[in-house]
Amino acid sequence: MAGQGFAPRPSKLFRTLGMALHYSYYLRRGSFYNNHFSQPPIGLSDPTEKGQFSNLAGKAIADLLSKRIDNSLLTVNYEAEMRLRGIPLVGQRPDLLAYTSSSTRFAIEAKGYTNGTGDMTDHKIQANSGNHIIPVNFSVASVSYNIYNSIRCNYHDPFNENVIIGDDDLINISKQYYSGFAEFLDNDYFEIGQRNYGEESFYEVGLSYRQFRKMFKDNSRFPSFMFHEIFDIYRPRLIIPVDVIEYSKFGITNQTKPFNYIQQKNLYIDNDRIGLTIE
């Protein structure tokens, strides 16, 4: 989400899919299902690209662990909240901000490495570097390594601070976050269904090849080219909560409870009630 604003929205699907295809060599199924990412063939190897993917993987793992370990309700890119507050994007800062339902906000410095972990002391200092910009209750350094062999992650050493976090910040950032997802319900490009997961109701937004072609045809902002029929084979569907319109208008508060996440072979719904499923 860095540099993209606050959340996925229909106009960003093409960039998202382009990134997925670009990094497909790092996401081959045989490696992924054996607890690590893959590497491109030697002829396509690029150290700079590998470093960029390692960074993305480190952020994804940090986000996941913030949900599982500290039960965060919502994580956003640190830059996103700086933009929302009108703070210039200068100086050192951590990667992510995470909000919990217990009036706590914490910062995360996320790293991804092929082998070693680097200097953990430096990473923890970086995690705490933004406290003078946006106050947090604690900071976490999440450092993933061996990501192309057998993934490991150091997630540790918070700096505890007695900071009172009110509702306003979470309300404002979550309104921006969910507003992007609400846009999927406000056009004719997507097939929208509804079903229950656990004890809550969700929309399922179909992301198919035919629908993408219609978007290309009807929207001059995008170039006209063909997407692979693979989207009709797997029939990916974006899962968003039925309350997404309300969240986009009024935000969520510290009283909003995280969703009891679901993780299955072809289904994932996160604490923030956003998910994805395929057939």
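Taking the condition closer than 24 Å to F259 by Cβ, free of Cβ contacts under 8 Å to residues at least 24 places away in the same chain and open to solvent by 60 Å² or more (accessible area, probe 1.4 Å), does R68 pass? When the stated conditions are applied, R68 passes them.
Inspect the range 14-29 for any residue being open to solvent by less than 40 Å² (accessible area, probe 1.4 Å) and closer than 22 Å to N146 by Cα and give the result as yes or no. Yes; the residues of the range 14-29 include at least one that is open to solvent by less than 40 Å² (accessible area, probe 1.4 Å) and closer than 22 Å to N146 by Cα.
Here A20 fulfils each of the conditions (1) assigned to a helix (DSSP H, G or I); (2) more than 14 Å from the chain's Cα centre (by Cα); (3) of a type in the set (G, A, S) apart from (2). Taken over the range 150-172, residues that are touching a helix residue (DSSP H, G or I) at 6+ places or on another chain (Cβ under 6 Å), surrounded by 16 or more Cβ atoms within 10 Å (Cβ to Cβ) and either over 19 Å from P258 (Cβ atoms) or not assigned by the TED database to the domain that holds I108 (or both) amount to 1. Filtering the range 213-245 to residues that are at pLDDT 90 or above and open to solvent by 100 Å² or more (accessible area, probe 1.4 Å) leaves nothing.
A quick yes/no check of all residues on (1) within 18 Å of the chain's Cα centre (by Cα); (2) of a type in the set (F, W, Y):
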residue: A98; (1), (2): yes, no
residue: T104; (1), (2): no, no
residue: A107; (1), (2): yes, no
residue: G118; (1), (2): no, no
residue: A127; (1), (2): no, no
residue: F138; (1), (2): no, yes
residue: A141; (1), (2): yes, no
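Against the numbered list (1) open to solvent by 10 Å² or more (accessible area, probe 1.4 Å); (2) closer than 23 Å to N254 by Cβ; (3) not β-branched (V, I, T), S139 comes up short only at (1). Residues satisfying the criterion are present in the range 249-256 (criterion: modelled with pLDDT of 90 or more and at positive phi).
Selection of the range 71-126 for residues being among the charged types (D, E, K, R) and either open to solvent by 10 Å² or more (accessible area, probe 1.4 Å) or outside the structural domain of Y26 (by the TED database) (or both) yields E79, R83, R85, R93, D95, K111, D119, D122, K124. For beta carbons closer than 7 Å, sequence separation of 6+ or different chains, a first residue in the range 96-108 that is over 18 Å from M82 (Cα atoms) and a second that is surrounded by fewer than 24 Cβ atoms within 10 Å (Cβ to Cβ) and among the acidic types (D, E), the qualifying pairs are T100/D70.
The values are calculated or read from the model by the stated rules, or taken from the named source; none is laboratory data. Bear in mind the structure is a predicted one, so any value in this text is a computation, not a measurement. Because the Cβ atoms are built from the backbone with ideal geometry, glycine has one as well, and the counts that use them run over all protein chains shown. Just so you know, the surface numbers come from the protein's heavy atoms only, side chains and all, with ligands and any DNA or RNA stripped out. Shrake-Rupley method; radii C 1.70, N 1.55, O 1.52, S 1.80 Å.
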